[in-house]
């Protein structure tokens, strides 16, 4: 099992992005806007950060469509990035990458610079990934000089997160910028980290000139997720996105999710890979995208529907999805009947049963190799996560890399995990000691949410 931590996961960038917007395919959530006046159709820039949560599908990021079936689209075509124009029943130009983009654990910075005034054809569309220009393409044809794109026109509807008829985006987007009238390079949106020069990090874009139809979406207002903060007031209309889709999982503080790359059949992920369901029999263990072998960590999960034998706990970096939690010496599970399993045996202790609607907390102390379980905010077995080496009410944990996990045995079992970026409603709101995360119940003192900022300090 790979231990996954995104390559852009660093502690403090100097400029911190507070929020992202979570898109969930196949739901019909997206944003759209029709320009009220024409802008520059020959020169513009589109910049954004995205953490993908599904691979292998067509997923539209930005598109512009008219009523006659003509459109421009920027999308993931499977796992390749593609941009093309379709007009008068024919593709006018097309650019599709050779390499694949399959990382579901980290944010990519993606920039598309469009300038058809350039004399050299290959300079009319430039694509940059994490600050570096993409030069290898599976297909590459370019627009004619001074070709008018479908963006910045009053005749076309602009969409973010869809093409207008399906194939919606799936993942987390932050720092979405559209620049009307200028083709910019990545230095306007980010910079390489001094200490880790391969890591591209965002910088403040509020001082940029956005042009007539330009906009900047920071997603900081949960009641107005399409709010343009560029100063242009080019707000986008929000469709089927609500406050719960605003998250703190961003390109400067990357939270763990459940790992969609480590699963068997009959398992479905949703809500930005925080919800997992099972539609068949048999055990399937689902692990976090981030693991650790030191520090004190906390997460919660809500049992949405019970099915057969749901469990929650932790696994190791050597466990497989087909192994149920608690089957090995390195994994531990809290089964719904109130039984703790370790090394395929009852580990003892007094633990309450749980059912659909209950929230189970897991506090893992890898400094003292102890794990504690709570039900709806009450730690079981008289557990005290702050008891250190004493381990009051704890279950002992082996050394090595650990990952938080849920088990979705049986049809209709559904878990929603919360690593600090919940997809289910939180009534109280509790963060860790660093101010990160949003949990239903209090985070034990000295424990932290599983995100890159905390890992840089404590992991």
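Bear in mind that the values in this text are calculations on the coordinates, not laboratory data. Keep in mind it's a predicted model, so treat the numbers as computed, not measured. Every residue, glycine as well, gets a Cβ built from its backbone with ideal geometry; the counts of neighbours run over all protein chains shown.
The table below lists the values:
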read-out	value
Antiparallel DSSP beta bridges within the chain, percent to nearest 5	100 percent
Estimated 222 nm signal from helices in the chain, with DSSP H stretches of n ≥ 4 weighted -39500 (n - 2.57), rounded to 500	-500 deg cm²/dmol
Pairwise FRET efficiency - residue 358 versus residue 457, Cβ, R0 = 45 Å, nearest 0.05	0.90
Shape category assigned to segment 376-440 from the gyration tensor of Cα positions, a/c cut at 1.5	oblate
Length-normalised contact order for segment 332-459 - Cα pairs under 8 Å, 6+ apart - percent	14 percent
Segment 27-147: relative contact order as a whole-number percent, Cα under 8 Å and 6+ apart	25 percent
Rounded, prolate or oblate (a/c below 1.5 giving rounded, otherwise prolate when a/b exceeds b/c) for segment 154-217 by Cα gyration tensor	oblate
Normalised contact order of the chain, rounded percent, pairs of Cα under 8 Å and 6 or more residues apart	18 percent
Gyration tensor verdict on segment 267-458 (Cα atoms; rounded if a/c is under 1.5, prolate if a/b is larger than b/c, oblate otherwise)	rounded
Those residues of segment 391-429 whose amide nitrogen sits under 17 Å from the label point placed on residue 305, 7 Å along Cα→Cβ	407-417, 424
Among [x] 45; [y] 42; [z] 59, the entry derived from the coordinates for percent of Cα pairs over 30 Å apart	[x]
Potential extension, residue 195-residue 322 segment - 0.36 nm per residue separation minus Cα distance	41.7 nm
